[in-house]
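The values are calculated or read from the model by the stated rules, or taken from the named source; none is laboratory data. As the structure is a prediction and not an experimental result, all values here were calculated from the model. No Cβ is skipped: glycine too gets one built from the backbone with ideal geometry, and neighbour counts run over all protein chains shown. Only protein heavy atoms, including side chains, enter the accessible area calculation; ligands, DNA and RNA are left aside. Shrake-Rupley method; radii C 1.70, N 1.55, O 1.52, S 1.80 Å.
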Amino acid sequence: MLETPKNLTRNILLGMLFGFLTGALFFYVNVFPDNLTDFLTKYVFNLGSAIFINLLKLLIVPLVFFSLVSGISSLTSMKSLGNITFKTIGLYLGTTAIAVSLSLIIGSIFKPGSGYSSNIAPPENLPQGQGIYETILDIFPSNIIEAMANNQMLAVVFFSILFGLALNKTNHLTNNFSESFEKFNTVFMQLVLMIISFAPIGVFCLIGKFVITDGLDIFQEAFKYVLLLILVLVIHAFITYSFILKIFTNLNIFTFFGKMKDVAIFAFSTSSSAATIPVTLKTVQDDLGVNKNVSSFVVPVGATINMDGTAIMQGMATIFIAQMSGIDLTFFQYIQVVILAVVTSIGTAAVPSAGTITLVIILQQFGLPLEAIGIILAVDRILDMLRTSVNVTGDAAVACIVANSEGLLDKNLFNK
Ligand code: ASP
């Protein structure tokens with residue numbers, strides 16, 4: 001059994017609370033000398049957050065590589081890999097389509113942005129979105145070291161699958177070399193736990209940095225957009241996922257959500273599905289009872305391509321900006337938004353704010369004013385935290401469904 005940190009959830013919540021209080025104290029109570037505030041912002045909050053995020057990122061490539069390779073190389077039948085892939089991708093795309101549709105339905109009923117006129121200046125450098133062509137080409141790396149160095153996760157996933165398959169086919173010639181990869185995987189999981197034990201401090205810095213720089217005023221802008229977006233995120237997280245879990249698995253949804261706490265909090269504080277992979281993997285395997293052969297494929301792939309929360313934001317933002325510009329989208333355009341949001345969410349990097357970058361692709365498609373992204377960015381930080389929690393919850397729900405359908409879910413562990 002690997003050594004796990006004790007009272008992690010409680011400590012992370014405490015870290016969050018103290019970060020919030022300290023940030024608010026310095027932002028709102030103006031009794032501290034400026035150089036103390038600057039020092040705290042730079043050397044405690046900024047530096048602490050950056051170190052913590054770096055340590056998490058440090059794990060992503062090796063963890064995805066070793067977990068995928070060890071999972072695939074130990075599969076006994078290739079047919080089961082085919083089934084798992086087919087179900088995983090189908091569920092990921094399906095849930096994302098539901099997510100964005102939900103967002104468009106609620107958005108078109110409540111119309112955020114109508115009668116709203118913004119005085120927020122456009123950002124100086126508009127983020128550039130990546131096209132569909134580049135997204136597809138990026139899956140096939142010409143240099144795996146370069147792909148790993150640049151954190152191109154789709155490329156890393158692709159190479160790891162190929163490598164795992166080759167390892168699987170040559171086990172009889174290499175004296176079961178794949179076992180070494182399983183050992184590496186165990187070592188990396190332990191490394192994950194070691195780094196995660198610092199999470200309460202990391203979360204303290206992340207939340208403190210957020211509040212000490214921006215305070216909470218940001219919410220006044222685009223209030224209706226923020227509120228509606230949060231509403232759809234909550235509906236999707238609790239109703240859609242409960243619904244699909246019930247239909248496909250009959251598992252207890254309260255147990256599922258209860259066990260997902262750490263993962264959701266982690267995604268919330270890091271705003272990155274990729275940085276959350278270590279925690280998602282651990283929870284899905286050790287607490288939800290998903291067999292390693294399934295989780296090692298479904299979780300990294302999900303963190304990379306499955307972004308329901310992001311698609312929800314993109315749907316709502318499109319309606320918000322269209323309304324602000326006095327444009328009513330047609331039914332056909334709504335359908336186009338659904339398709340585009342599903343496709344762009346695949347190409348969205350699992351890092352903070354990436355969803356606002358791919359939003360550009362959708363806005364451009366409809367000739368909507370790109371400057372409006374300024375308003376979206378102004379309120380995006382907290383929304384990014386929330387939608388990332390939804391993104392990772394979706395990955396875990398799909399992992400449970402796929403594992404259950406393959407008979408690879410340990411129900412005793414799930415219910416424990
Ligand atoms: N931060 C999100 C994630 O990592 C992506 C986004 O929507 O910006 O899942």
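Details
- The chain: Cα Rg divided by the 2.2 N^0.38 Å rule of thumb: 0.99
- Kirkwood Rh (inverse of mean 1/r, distinct Cα pairs), the stretch 2-64, angstrom: 14.0 Å
- FRET efficiency, 1/(1 + (r/R0)^6) with R0 30 Å, evaluated for Phe223 and Lys42 via beta carbons: 0.45
- For the chain, the longest principal axis of the Cα atoms and the long axis of helix 8-28 meet at an angle of about 20 degrees.
- Virtual spin-label span in nm between Ser180 and Glu146, 7 Å along Cα→Cβ: 2.8 nm
- Exposure of Lys246 as accessible area (Å², to 10), given a probe of 1.4 Å and all protein chains: 90 Å²
- Farthest positive-ward along the chain dipole, Cα basis, beta-carbon charges - from Ala403, Ala149, Phe27: Ala403
- Between 0 and 90°, nearest 10: helix 292-305 axis offset from the chain longest Cα axis: 30 degrees
- Computed lengthening from Phe238 to Leu137, 0.36 nm per intervening residue step minus Cα-Cα distance: 32.8 nm
- The stretch 189-248 and the stretch 316-390 have Cα centres lying 18 Å from one another.
- Degrees, to the nearest 10: 223-235 long Cα axis against longest axis of the chain: 20 degrees
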